[in-house]
Ligand code: AMP
């Protein structure tokens, strides 16, 4: 397909904020596509979601490429960037003024774009930067102004056309089925495969039953099932029924373990491959879990190697991204794997089996080995007193609370379900994303020292306040200003004096005392006494609190 056709659609999509209009534009466009790869490009990606490959290009390199392909100096490109605040627009403007003098060279196709972009993450070793630069420059040199805007935005993984997977899902439903059930079937196929391109290909034939045949594949990451909240045990019983399973809610991070014969792969809930980071997990699975092939859902929790006490998530969070000194980390910050579900066993999907059967199987195949790998602590009861006692015990053991689970329910990948509930003592924390920051002064100059927090909404992120408290000056004391500054700097979109705006990538956990109404922030709410408690490298912006979550919490506290 000509890339200009796709660029035209990007422009149309960007020109409206109305979801229905976007769906309409997309559904018409879908009929013109033959190649599933165009679907990835529509999402601003070059691969399906389950592929753990990122383009990983810095703004600096893009600036160089714009400069090289237009003959304008890098300094001038930066100047324009500061003025306009979007390198995509900068490329468009500069290429436009150049094009008035020269005639366009080649016709760009989506195949050519993907061909070049897919080489970027593969390059390694000497001369990498130059090779990357020439791959990008080659594209920009052949690009029309509008094409260049979207090439640059794709490179920087920030398409800004307000499209999510769910928008394309709805468009696929509209284009090829036009029934209510099809939306559910498409979503289910997507949750199992994490490949919207594949789902598109199947849907194009217009047969719903083909979508239902899409099944789990061991080794490919799957979206986990998420829980809803209940305020206490009695409410939990009411929602999930009696008797039910009650388990510790471990304060760690989600780890999905895939075993396919000899090959073990570990994924976070963001579908990131963390196999290399946790060699001990591989050892434990090999030693203590029976079976040729399986997919286990678990929570990995840190514990103190001397006292053996469980530690909060923050203590081990650094292990998730760590690429070096893995062995040292493994000894310093050991984890215990608490397995609480199984999705697949020896060639068979268990998604539709009742939870009770799945949890029984877990106990049969795992040789429970504390501080290494165990089935999650669990009771099955209809007794309120026993349940409350178990809840108390979980808290005394430094865990966050309990999960209550209906015994007959299936495993629904990717859904937040009402048959699995979480109960924590005080729900006064949110996961939010950093959308901006301010440079500090005095002792903190050189560091970003105050962070603008955003919650999710259908259309981008809305501010809910700023946080500084809880971040440390010294690295030894916890997460420091220096560390967060280093994470945010490559994400800067624009600067205005001491204030910067960043791409929304860094998810953090924030505790607070109260929610207030506030006209100062775009969400209409502000958190009172916000405090930073953890970086969440295991979560992405789909996992953060939504405006609705904040409104609900505000209502719950009595609208004060
Ligand atoms: P939240 O992160 O507050 O939405 O709580 C749900 C999370 O608790 C899940 O995504 C898991 O990572 C974690 N969790 C800890 N223990 C369990 C358990 N026994 N069953 C299910 N999820 C658990």
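The values are calculated or read from the model by the stated rules, or taken from the named source; none is laboratory data. Only a predicted model underlies this, so the values are computations on that prediction, with no experimental measurement involved. A quick note on method: Cβ atoms are made from the backbone with ideal geometry, for glycine too, and the neighbour counts reach across all protein chains shown.
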Per-region count, region 251-283, residues buried (at least 23 other Cβ atoms within 10 Å of the Cβ) and out of contact with any helix residue (DSSP H, G or I) (no Cβ under 9 Å at 6 or more places or on another chain) | 2
When you look at residue 377, is it modelled with pLDDT of 95 or more, assigned by TED's automatic domain parsing to the domain that holds residue 411 and surrounded by 17 or more Cβ atoms within 10 Å (Cβ to Cβ), yes or no?
-> yes
Looking only at region 49-80, count how many residues are closer than 30 Å to residue 165 by Cα and without any contact (Cβ under 8 Å) to a residue 40 or more places away in the chain.
-> 3
Could you grab me the full set of residues in region 379-395 that are part of a helix (DSSP H, G or I) and either within 14 Å of the ligand (Cβ to nearest atom) or over 13 Å from residue 236 (Cα atoms) (or both)?
-> 385, 386, 389, 390, 391, 392, 393, 394, 395
Within region 195-205, track down each residue that is surrounded by fewer than 18 Cβ atoms within 10 Å (Cβ to Cβ) and farther than 14 Å from residue 170 by Cα.
-> 198, 201, 205
If we keep just the residues of region 396-425 that are away from the ligand (no atom under 13 Å from the Cβ) and within 30 Å of residue 513 (Cβ to Cβ), which is surrounded by the fewest Cβ atoms within 10 Å (Cβ to Cβ)?
-> 396
Reported set for region 213-234 where residues are outside any loop (DSSP other than H, G, I, E, B) and within 19 Å of residue 355 (Cβ to Cβ) is 226, 227, 228, 229, 233
Would it be correct to say that residue 445 is farther than 25 Å from residue 316 by Cα and touching a residue at least 60 places away in the same chain (Cβ under 8 Å)?
-> no
If you check residue 363 against the conditions, is it without any contact (Cβ under 8 Å) to a residue 40 or more places away in the chain, within 14 Å of the ligand (Cβ to nearest atom) and touching a strand residue (DSSP E or B) at 6+ places or on another chain (Cβ under 8 Å)?
-> yes
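Can you name every residue in region 503-560 that is within 16 Å of the ligand (Cβ to nearest atom), closer than 30 Å to residue 154 by Cβ and part of a loop (DSSP other than H, G, I, E, B)?
As a first pass, look at region 503-560 and keep what is within 16 Å of the ligand (Cβ to nearest atom): 507-512, 533-546, 548-550, 552-553, 556.
Then drop every residue that is not closer than 30 Å to residue 154 by Cβ, which leaves 507-508, 535-546.
Listed by number, the residues that qualify are 536, 537, 538, 539, 540, 544, 545.
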Check region 369-378 and report whether any residue there is away from the ligand (no atom under 12 Å from the Cβ) and in a strand (DSSP E or B).
-> yes
Look through 184, 218, 222 and report the one residue that is out of contact with any helix residue (DSSP H, G or I) (no Cβ under 8 Å at 6 or more places or on another chain) and either under 22 Å from residue 254 (Cα atoms) or within 16 Å of the ligand (Cβ to nearest atom) (or both).
-> 218
Say whether the condition of being within 28 Å of the chain's Cα centre (by Cα), within 16 Å of the ligand (Cβ to nearest atom) and over 25 Å from residue 383 (Cα atoms) is met by at least one residue in region 189-206.
-> yes
Kindly check whether there is at least one residue in region 227-235 that is surrounded by fewer than 22 Cβ atoms within 10 Å (Cβ to Cβ), within 14 Å of the ligand (Cβ to nearest atom) and at pLDDT 95 or above.
-> yes
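Residues checked against (1) within 13 Å of the ligand (Cβ to nearest atom); (2) assigned by TED's automatic domain parsing to the domain that holds residue 258; (3) touching a strand residue (DSSP E or B) at 6+ places or on another chain (Cβ under 7 Å):
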site: 289; (1), (2), (3): no, yes, yes
site: 293; (1), (2), (3): no, yes, yes
site: 298; (1), (2), (3): yes, yes, yes
site: 301; (1), (2), (3): yes, yes, yes
site: 326; (1), (2), (3): no, yes, no
site: 330; (1), (2), (3): no, yes, no
site: 336; (1), (2), (3): yes, yes, yes
site: 339; (1), (2), (3): yes, yes, yes
site: 342; (1), (2), (3): yes, yes, yes
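Results for (1) buried (at least 19 other Cβ atoms within 10 Å of the Cβ); (2) more than 25 Å from residue 25 (Cβ to Cβ), shown as yes or no for each residue.
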| site | (1), (2) |
| --- | --- |
| 77 | yes, yes |
| 88 | yes, no |
| 109 | no, no |
| 115 | no, yes |
| 119 | no, yes |
| 143 | yes, no |
| 160 | no, no |
Residue by residue through region 246-273, note down the ones that are away from the ligand (no atom under 16 Å from the Cβ) and at pLDDT below 95.
-> 261, 262, 273
Could you tell me whether any residue of region 294-301 is closer than 29 Å to residue 395 by Cα, over 22 Å from the mean Cα position of the chain (by Cα) and touching a residue at least 24 places away in the same chain (Cβ under 8 Å)?
-> no
Can we say residue 407 is touching a helix residue (DSSP H, G or I) at 6+ places or on another chain (Cβ under 6 Å) and farther than 25 Å from residue 542 by Cα?
-> yes
If you take the residues in region 444-485 that are at pLDDT below 90 and outside any loop (DSSP other than H, G, I, E, B), which one is surrounded by the most Cβ atoms within 10 Å (Cβ to Cβ)?
-> 475
